[in-house]
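Readers should treat all values here as calculations from the given coordinates under stated rules, not as data from a laboratory. Being a predicted model, the structure only gives us computed values, none of them experimental. Here the Cβ positions follow ideal geometry from the backbone for every residue, glycine too, while neighbour counts run over all protein chains shown.
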Amino acid sequence: MGVKLSDLVVKREITFEQLSGKKIAVDFSNSAYQFLSSIRQRDGTPLMDNQGNSTSHLMGTWTRFSNLMQLGIQLVIVLDGKAPDLKIKEQEERAHRKRMAQEKFEEAREEEDEERMAKYAKQTSRLTRDMTRESEELMKAMGLPVIRAPSESDAQMAFMCEQEDVYACASSDYDCLLQGAPRLITNLTLSQKRKLPSGIYVKITPELIDLKETLTNLGVKQDQLIAIGILVGTDYNEGINRVGPKTALKLVKQYPSFDELFKEVKADFNWKKIYAIFKSMPIMKNYQLKWHPPDEAKIKEILVEKHDFSPERVQATLDKLRTAAKKEQKGLGDFF
């Protein structure tokens, strides 16, 4: 779900040229769900190989990340670890919504209503352990460092950014900001458009959000930003009824004491436990970031041999990656 802070943060468009040569930490699960919901056939069913196995996650991983690599962006992929106990309820509710969507999808399929099938199919997306394992295998074959966080990937990415091991975190959620990430990039995709639930397409470009600039603009401190997130709702709690981001901002300024704040809004949850999650999420400190040349044979084994990807298209992308790597090496050589 992710905390909804879009109306409050300061966003600035950034070009891919400005990101070339920079290390960017990517929230894998966030990206994977985008792939699973958007890379589908006309009737809404996911892409599949000849054995009926879903391949939407692999297609998205291969296409998006290889495109970004060709632009000289050094990706670091971060996987989720064990979710906090408070997230289990949210996960159960998500599972219930997916089951309901699956029932509606089956009804639409019986009626041969492709429009409704496509609508509900996207709501049934599930990222399984096998999908994550396959994607991890592919990303490592692509030469990318893959880090598995002890808990939430947002906290791990934020720590890596704070340590200046990466320039920014990439996600469509704003949770990294609550974890203290100095910089967040949204829309890190070469696709220039996004389809809204209404069916309308809107133009999108990568956007950079600077935490310090956002806090200064809002006139709040980091702890108050966390309180705003809790008020509007996180993965660990439902938001306060009829309290959106702008109202939450007014409330945290009006009530400097969090005890008083959450008493005033009649919070029916333990806000201190949620606050503690953002302040003390487990992270890995002894990670290593190493990039390697793509293992072309392994990539072909995963995509072509196991999942029926086009050999010609996979080879064409590998050729582009090789060319891009040579240009990058030559560029570095110009400095010596």
Potential extension, Lys140-Arg322 segment - 0.36 nm per residue separation minus Cα distance: 63.9 nm
Rounded if a/c under 1.5, otherwise prolate or oblate - segment 122-169, Cα gyration tensor axes: oblate
Hull shadow area, averaged, segment 33-92 [alpha-carbon convex hull, nm²]: 6.4
Violating pairs (Cα-Cα greater than 31 angstrom) within the set Lys87/Lys298; Lys298/Lys326; Lys87/Lys203; Lys203/Lys266; Lys4/Lys82; Lys11/Lys300: Lys87/Lys298; Lys87/Lys203; Lys203/Lys266; Lys11/Lys300
Residue-count net charge about Ala141 - beta-carbon cut-off 15 Å; Lys, Arg +1, Asp, Glu -1: 0
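Quickly rank 63-73, 307-317 as a protection proxy: mean count of other C-beta atoms within 10 Å, highest first.
Ranking the peptides 63-73, 307-317 by packing returns 63-73, 307-317.
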3J(HN,Hα) from dihedral phi, segment 264-272, Karplus parametrisation 6.51/-1.76/1.60, rounded to Hz, x for glycine, proline: 5, 8, 6, 4, 9, 9, 7, 5, 5
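Given the Cα-Cα distance of Lys250 and Lys203 and 0.36 nm per residue of separation, how much length would full extension add, in nm?
13.8 nm
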Length added when fully stretched, Ser191-Glu301, from 0.36 nm per residue minus Cα-Cα: 36.9 nm
Nonlocal amide H pairs with Arg148, under 5 Å, H built at 1.01 Å: Leu79
Distant-in-sequence amide H partners of Asp308 (H built 1.01 Å from N, under 5 Å): none
Pairs of alpha carbons in segment 138-196 whose separation is greater than 18 Å (percent): 43
